[in-house]
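All remarks here apply to the structure that follows.
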């Protein structure tokens, strides 16, 4: 009987410990914020796709290196094919757009809407272009919730959902996958109002604080022509 009680007690302790791992959305976001604030450098392969207005799928494969505390991010494009071997560098208030075919690097101010191909309106480029894994800051003003908690062979996962409060916007909500052992998003899926897919992003082969060098992030070919549009 004593052994039985010990076994039951052990089971209850394990069950309680297991349940204790499930955090609230605020606790999850706090852990992600703390992680984001302490990252010195990070490297990952960004893959996924963007669905164009006509339904065309634009495949993404981008090698990304960043030193958040230095406000420097480097993106080397493999796909889409039209951008293959091009490089974009965000360094504080300067954006470098390097085009492989012309061997030219054009410099823009980070708050210039042309800095990222006119994708961002004037006045918003600077804040949106920066590397950011703090989801509370990235989705400020959105409604955040936990969509599920799973235990997998690769670790325990929080499935988060961020709902856009604004009307007449392209993105309605975003589903985010976070492993609790690293507190960095590994998947971000963006949906439109009709629940159709807008963008799918996956962060693969994540390496944190491996000792990246700022010179490596800023490197451009020595013979590249520099065009300063600031």
Normalised contact order of segment 23-228, rounded percent, pairs of Cα under 8 Å and 6 or more residues apart: 22
Which of 64, 178 has the fewest Cβ neighbours within 10 Å, and the rest in rising order: 64, 178
Taking 170, 95 and counting other C-beta atoms within 10 Å, the order from fewest to most: 170, 95
Per-residue Cβ neighbour rank within 10 angstrom, fewest leading, 191, 149: 149, 191
Segment 32-48-segment 126-193 distance, computed between alpha-carbon centres (Å): 14
Point-to-point label distance, residue 171-residue 196, nm (Cα→Cβ direction, 7 Å offset): 1.9
Pairwise label distance in nanometres, residue 56 with residue 23, each label 7 Å out on the Cα-Cβ vector: 4.2
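Every read-out reported here was derived from the displayed coordinates using simple, explicitly stated rules and does not represent laboratory data. Please read all numbers here as calculations on a predicted model, not as lab measurements. All Cβ positions, even for glycine, are placed from backbone atoms using ideal geometry, and neighbour counts span all protein chains on display.
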